[in-house]
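This report concerns only the one structure given below.
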Amino acid sequence: MKILVVNSHPDRSESHIYATLRKQAIDIEVICDPASKWREFLETNEVPVMRLHYQSRMDFPAIRFMREKIQAGSFELVHAVNKRSCTHVMAALTGINIPVVSYRGIIGNISRWNPETGLTYFSRKMKRIICVCEAVRQYLLSVGISEDKAVTVYKGHDISWYQPADRKSFEEFGIPGNAFVVGCAAKIRPRKGIDVLINAIKSIPEISIHLLLAGEITDPSIPALVKQMHLEKNVHLTGHRMDAPKLMGACDCFVMPSLRREGLPRAVIEAMAQGVPPILTDVGGMPEIVEHLVSGILVPHGDSGALAKAIQQLASDKTLKTSLGVGAKARVLSRFNIDRTTQAYKEIFSTVVLQ
């Protein structure tokens with residue numbers, strides 16, 4: 001089986017899948033951006049990598065490059081991971097009968113009548129769309145994707161990938177050693193509900209609560225809200241941090257307060273893999289991540305009062321905090337395991353090629 005993967009910026013899980021499949025005698029090659037963080041890992045693991053950077057939304061030289069590689073490579077399947085890759089791959093495959101498998105990690109923004117998605121996800125060449133969670137799959141079905149095309153595969157992890165930072169690292173942010181530290185790592189945009197989390201922190205004055213918020217800030221209202229509420233000493237905006245998983249692993253709990261469109265947030269599972277109990281909202285695929293009060297806590301989205309109560313519960317009950325942390329790690333081992341994910345990908349690719 002010979003597969004071409006088109007994935008601008010493969011993440012750690014995806015890179016491990018490609019490398020493992022290569023070791024299992026599947027002839028897999030990858031097209032990715034030269035700046036891809038995991039490109040060197042792929043090359044070290046003997047996965048052939050072709051470098052390509054999209055210069056525009058519809059990059060015709062990139063399409064020509066892909067078409068030439070596809071024609072020369074005798075590929076049996078193309079795995080186009082994100083929307084832009086799908087658009088370019090489908091254009092490159094004009095007149096070429098090779099099946100495509102894609103990936104979808106978020107809810108929303110798909111319509112049969114949108115030219116970009118109409119010619120990709122709804123194309124006859126698109127044989128499977130791997131959905132990161134069942135909520136994403138159900139969304140695809142709701143917009144007209146056929147049941148046989150959409151398949152749920154949870155993105156896998158390996159707990160050995162993650163090691164928490166030393167709590168002393170919190171001194172960098174002015175967090176006292178005895179504080180209860182709430183972690184949150186995300187691209188900070190309105191749909192993430194960070195304002196709800198900040199309101200929750202504000203309503204817990206009797207305990208030393210500190211919020212460590214890691215990630216690029218694209219919502220300018222958040223720093224303003226922190227200042228408006230006089231929470232500069234308790235809410236720490238780190239910006240983008242390469243060591244975000246380590247920092248989250250050292251926190252007392254991890255919160256993802258999303259309001260809508262959530263898939264299966266990687267940062268949540270990274271924290272859980274390190275034994276950090278999560279508090280999640282009932283949005284998208286997040287109810288699939290934890291069992292309430294077994295491996296985490298679920299609260300209604302947009303409810304700062306419920307979120308504050310959950311944080312207080314963990315801050316005041318060390319036994320519950322420890323129990324949920326153990327449950328969170330066990331949940332990653334059993335349900336979000338990289339070996340299971342790799343096997344599922346292998347079976348999907350094999351099925352499509354044999355059709």
Take the alpha carbon atoms of the chain, find their radius of gyration, then divide it by 2.2 N^0.38 Å using N residues; give the quotient. 1.04
About the Cα centre, and with charges only on the beta carbon of Lys, Arg (+1) and Asp, Glu (-1), how big is the dipole of the range 185-226? Nearest 20 debye, please. 160 debye
Taking only the Cα positions of the range 17-99, the convex hull volume per residue in Å³ is 95 Å³
Can you give the relative contact order of the chain as a percent, counting alpha carbon pairs under 8 Å and 6+ residues apart? 15 percent
The pairs in Lys2/Lys187; Lys187/Lys318; Lys127/Lys155 lying past 24 Å Cα-Cα in this model are Lys2/Lys187; Lys187/Lys318
Principal axes first, then extents: for the Cα atoms of the range 178-230, list largest minus smallest coordinate on each axis, whole Å, largest first. 30, 21, 15
With eigenvalues of the C-alpha gyration tensor scaled by 5 and rooted, the range 200-286, Å: 21, 16, 14
In the range 71-218, how does Rg compare with the Kirkwood Rh, expressed as the Rg/Rh ratio over alpha carbon atoms? 1.14
When Phe60, Phe65, Phe254, Phe336 are ordered from fewest to most other Cβ atoms inside 10 Å of their Cβ, what list results? Phe60, Phe65, Phe336, Phe254
Quick one: among Asp27, Asp158, Asp148, which has the greatest mean-square fluctuation in a GNM of the chain with alpha-carbon springs under 10 angstrom? Asp148
For the range 159-335, the percent of all C-alpha pairs falling in each 10 Å bin, from 0 up to the bin holding the max distance, is 11, 43, 39, 7, 0
Most positive-pole-ward Cα, Ser203, Gly305, Ser334, against dipole of the range 159-335 from beta carbon charges: Ser334
Radius 10 Å from Cβ of Arg104, net charge of other residues (Lys, Arg +1; Asp, Glu -1): +2
Test of understanding: in a Gaussian network model of the chain with alpha carbons linked when under 10 Å, which of Thr94, Thr342, Thr117 would top the mean-square fluctuation ranking? Thr94
To the nearest 20 debye, what charge dipole does the range 269-355 have about its Cα centre, counting +1 at the Cβ of each Lys and Arg and -1 at the Cβ of each Asp and Glu? 240 debye
Report, in deg cm²/dmol and to the nearest 500, the calculated mean residue ellipticity at 222 nm for the chain, where each DSSP H run with n ≥ 4 adds -39500 (n - 2.57) and the sum is divided by the residue count. -11000 deg cm²/dmol
Quick check on the exposure proxy: order Ile207, Ile31, Ile175 from fewest to most C-beta atoms within 10 angstrom. Ile207, Ile175, Ile31
Run through the range 180-265 and list the GluC sites (Glu not before Pro) located in a DSSP loop whose Cβ has at most 15 other Cβ atoms within 10 Å. Glu206, Glu216, Glu232
Whole-angstrom gap from the range 104-162 to the range 167-211, using each part's C-alpha centre: 33 Å
Would you mind working out the magnitude of the charge dipole of the chain relative to its Cα centre, with +1 at each Lys and Arg C-beta and -1 at each Asp and Glu C-beta, to the nearest 20 Debye? 660 debye
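Read-outs: derived from the displayed coordinates by stated rules, not from any lab. Remember, it's a predicted structure, so these values are computed and weren't measured experimentally. We place every Cβ from the backbone using ideal geometry, glycine too, and count neighbours over all the protein chains shown.
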